[in-house]
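Scroll down for the structure; my scribbles are underneath it.
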Amino acid sequence: MRIACLGGGPAGLYFAISMKLRDASHEVHVFERNRPDDTFGWGVVFSDQTVENLMANDPVSGATIRSEFAHWDDIDVHIQGETIRSSGHGFIGIGRKRLLQILQARARELGVELHFETEASADLDDWRGWDLVIAADGVNSRIRDRYAEHFGVDVQVRRNKFIWLGTTKVFDAFTFAFEQLPEGWVWAHAYRFDDNLSTFIVETDPETWERLGFPDMEQAEAIATCERIFARYLDGNPLISNAAHLRGSAMWLNFRRIICQNWHHKNLLLLGDAAHTAHFSIGSGTKLALEDAIKLAKVLNRPGLEREEALAEYQAERNLEVLKLQNSARNSTEWFETLDRYLHFEPIQFAYSLLTRSQRVSHENLRLRDRSWLEGVERWFQTKARGVPVNDPAPPMFAPFRLRGMEVQNRVVVSPMATYSAVDGCPNDFHLVHYGTRAQGGAGLVYTEMTCVSAEGRITPGCAGLYAAEHVPAWKRVVDFVHANSAAKICLQLGHSGPKGSTKVGWEGYDVPLDSGNWPVMAASDVPWSAANQRPRPLTREDMDRVRDEFVAATERAVECGFDMVELHAAHGYLLSSFITPLTNKRTDEYGGSLDNRLRFPLEVFRAMRAVWPAERPMSVRISANDWMGEQGVTPDEAVEIGRAFVAAGADLIDVSAGQTWADCKPVYGRMFQTPFADQIRNEARVNTMAVGNIYEPDHVNSILAAGRADLVALARPHLIDPMWTLRAAAAQDYREQWVPPPYLGGQAQLARNLKREQEMLKA
């Protein structure tokens, strides 16, 4: 094949090498607009896996690259006058210029034609006679942009400003330095990549950038200003730019996140940053480019594989890896863009939050890297939680937590889950066993399923209620059992189904109307849940008074039952949620329009409940923090205001869920996918939050808590299949202070021994 690679960076060069290695008869040309030694980056960071991939693909260049790597293990976080150092991170890096030199030499050795200072045409018509044209010309790819409509290019420009510099200061650790100025915060990402030089990236938010006057500075003045800001870390060494051709503020960049729906058009293929980008804060752009090159060369040279099949396989495999990394990169990017949320943290928690920001590094990952440092974090967390010095480390999930007069023994919560097993709203033996078992399973707090305040407020005929006198002794039986036979506290979640009522039980079909016996439903407006569901009747003021009083009556009954806590369900498209979200609230009176108006009735209900609930007992509110409908619905920023409003009305905890408010919403699922909303509300509104949503491992729970993303963590489906989830987690982590039902102590001890033995065998 006759192949033109447009761009002589790592992606283009390594693809050329990989093609020639597989078939020396390929005619491969690389066209680069700059001179051979020109480069506008500094150091490149790799993982051990990437090095292994390079060695497997081309041992010659791989060995040269590996021999010249700089190695370091430590990360230093400088914040508020303290330095937090953790070890065991295992970084390796090399100068970008040196990497290019190695790849250029190897390419020439294999017969690749290199054309420098050559401006390649962005018009495919000019490449007639070439079998393949590879767009490896980076994030600003001209040829990709020329044919953007064919590639489905999605570009997102991130808000922070950054400048990519170098320095002769050789850092002995990967360094994050945060400096507070009168104008705002500025921070640096710094790491060495050879014996003489380090990368030094300066980043700040656009408001601070403006206040510092950077838009009006020439390059030399801007660099001098950065030297003054970070003087204590540079030890008199200068900051250096290798972009002298740029004038004024052009040297400052905004990161561009690029996603392409298609990676090829005719004989034009996208490679590396031209196809996708990953934020510099996770240092994986070059890794992705090199691995793209390897995969593309493999499929193009596989015998019997047609080109279209080859390209489909290339994109399918590489796109999956890219999306994983971009997801982590998005988390990392957003952490730096919302730095204000975390600046009130103590330095040790700030450092932990920084290290786990991408969710690629978890609590147990850190234990493997630096056990002593992580145990210091655990001691700090337990000391804060208990109010007295703690010498022995313990996982954060086993720290107590207090809300008003209620203290829970640990931070694990059995999430509210509908069981559809009540008869005429009345709980029965199933509920006694269901909730009793999960309380004995070790969770600090057990939530009931949404318990309805009226028969008409049920979701299904099988939903539990607290609207009749006979419901009180039935629920009291459950509460008394939990109190007598476990260390758990129990919370009653109260709600009204609204437009999602009169439907079948869950295993017969979610949100599917009953075949017969339907009762009328109501909502903020006459917007049905779906075309198949009933059109609800908009609430009148008389209806509001009646519903409010039903919530109050149920709360009074909850006092009789002895519940430790009550939660108001104002999420998931049910009655109160239908007021909060503009997707379903189309009212033109004082209960519609602005957020304040949309919150008016839910807050009225909550205040009335709070007035009859004992002052020493806490209350929470479940909200949908994101309708997953962009600006049409509730956004995470609005959710912060919703959280603030309920706390001002007397709520002690915001239970942060998301979605289920609009049938056609487009959630973005993944591990802990709703935790960022709990994080935002907690750390912007400075209120207690509970995280929920695809959390299923003790590692998830510990990471969320230690990083300050939530105060409690709720798990739903894990508790459905394993009521003893918390006891099992305690045994797995060798935590021996967890309360265990006395009849089960022998089983817990055996489980702990067996799990410890399994871990030791894995290490052997």
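No value in this document is a laboratory result; all are computed from the given coordinates. Treat the numbers as computed from the prediction; the structure is a model and nothing was measured. All Cβ positions, even for glycine, are placed from backbone atoms using ideal geometry, and neighbour counts span all protein chains on display.
For segment 2-336, what is the per residue volume of the convex hull drawn over the alpha-carbon atoms, in cubic angstrom?
That works out to 131 Å³ per residue.
Summing -39500 (n - 2.57) over the DSSP H runs of n ≥ 4 in the chain and dividing by its residue number, what mean residue ellipticity at 222 nm do you reach, to the nearest 500 deg cm²/dmol?
Per the formula, -12000 deg cm²/dmol.
First obtain the Kirkwood hydrodynamic radius of segment 409-548 from its Cα pairs, then insert it into the Stokes-Einstein equation at 4 °C and 1.567 mPa s, and state the resulting D in µm² per second as a whole number.
Roughly 81 µm²/s, to the nearest whole number.
Going by Cα centres, segment 310-369 and segment 564-642 are how many Å apart?
Comparing the Cα centres of segment 310-369 and segment 564-642, I get a distance of 31 Å.
Relative to the present Cα-Cα distance, how much length would full extension add between VAL170 and GLU119 at 0.36 nm per residue of separation?
Extra length available between VAL170 and GLU119 comes to 14.8 nm.
With viscosity set to 0.692 mPa s and temperature to 37 °C, compute the Stokes-Einstein D of segment 490-626, Rh being the Kirkwood radius across alpha carbon pairs; µm²/s, no decimals.
211 µm²/s
Give me the net charge for the shell around ARG2: Cβ to Cβ below 10 angstrom, other residues only, Lys and Arg +1, Asp and Glu -1.
-2
Pop out the ³J(HN,Hα) list for segment 235-250 in order, Karplus 6.51 cos²θ - 1.76 cosθ + 1.60 with θ = phi - 60°, rounded to Hz; leave Gly and Pro as x.
Calculated HN-Hα couplings, in order: 6, x, 6, x, 8, 10, 10, 10, 10, 4, 6, 7, 10, x, 6, 5 Hz.
Could you list log10 I(q)/I(0) for segment 398-757 at q = 0.10, 0.11 Å⁻¹, which the Debye formula gives when each Cα is one point scatterer?
Taking Cα atoms of segment 398-757 as identical point scatterers yields -0.57, -0.70.
What nm distance separates the two modelled labels at ARG535 and GLU221, each placed 7 Å from Cα along Cα→Cβ?
If labels sit at ARG535 and GLU221, their model points lie 6.6 nm apart.
Around ARG232, under 15 Å between beta carbons, what's the net of Lys plus Arg minus Asp minus Glu among the other residues?
-3
Taking 0.36 nm per intervening residue step and subtracting the Cα-Cα distance, what contour gain separates ASN34 from VAL388 on full extension?
Difference between extended and current length: 121.2 nm.
Round to a whole angstrom and tell me the spacing of the C-alpha centers of segment 1-76 and segment 681-752.
The distance from the Cα centre of segment 1-76 to that of segment 681-752 comes to 45 Å.
Amide H to amide H under 5 Å from CYS5: which residues, 5+ apart in sequence or cross-chain, H placed 1.01 Å off N in plane?
For CYS5, whose amide H was placed from the backbone, the distant partners under 5 Å are HIS29, VAL30, PHE31, ILE134.
If one puts a single equal scatterer on every Cα of segment 10-82 and applies the Debye formula without solvent, what log₁₀ I(q)/I(0) results at q = 0.26 Å⁻¹?
Values, matching the q order: -1.31.
So how do 325-335, 460-470 stack up, highest first, on mean other-Cβ count within 10 Å?
325-335, 460-470
Working out 0.36 nm times the residue gap between ASP126 and THR635, then minus their Cα-Cα distance, what length gain in nm do you get to one decimal?
Residue separation times 0.36 nm, minus the Cα-Cα distance, leaves 178.5 nm.
I want to check the label-to-label distance for SER516 and GLU313. Put each point 7 Å from Cα in the C-beta direction and report it in nm to one decimal.
Taking the two extended label points, one gets 5.8 nm.
Please list, in chain and number order, the residues 5+ apart from LEU181 or on another chain whose amide H is under 5 Å from its amide H, with Hs placed from the backbone.
Hits under the 5 Å cutoff: VAL186.
Given LYS295/LYS763; LYS266/LYS298; LYS324/LYS500, which pairs have Cα atoms separated by over 23 Å?
LYS295/LYS763; LYS324/LYS500
Starting at the first residue of segment 755-764, write each ³J(HN,Hα) from the Karplus equation 6.51 cos²θ - 1.76 cosθ + 1.60 with θ = phi - 60°, in whole Hz, x for Gly and Pro.
5, 5, 4, 4, 5, 5, 5, 5, 6, 5
Could you compute how fast the chain diffuses translationally, taking Rh as the Kirkwood radius over C-alpha pairs and applying Stokes-Einstein at 20 °C with viscosity 1.002 mPa s? Give it in µm² per second.
Roughly 74 µm²/s, to the nearest whole number.
Let's test the formula: R0 of 30 Å, r as the Cβ-Cβ distance of MET761 and THR83. What FRET efficiency results, to the nearest 0.05?
Efficiency at R0 = 30 Å is approximately 0.20.
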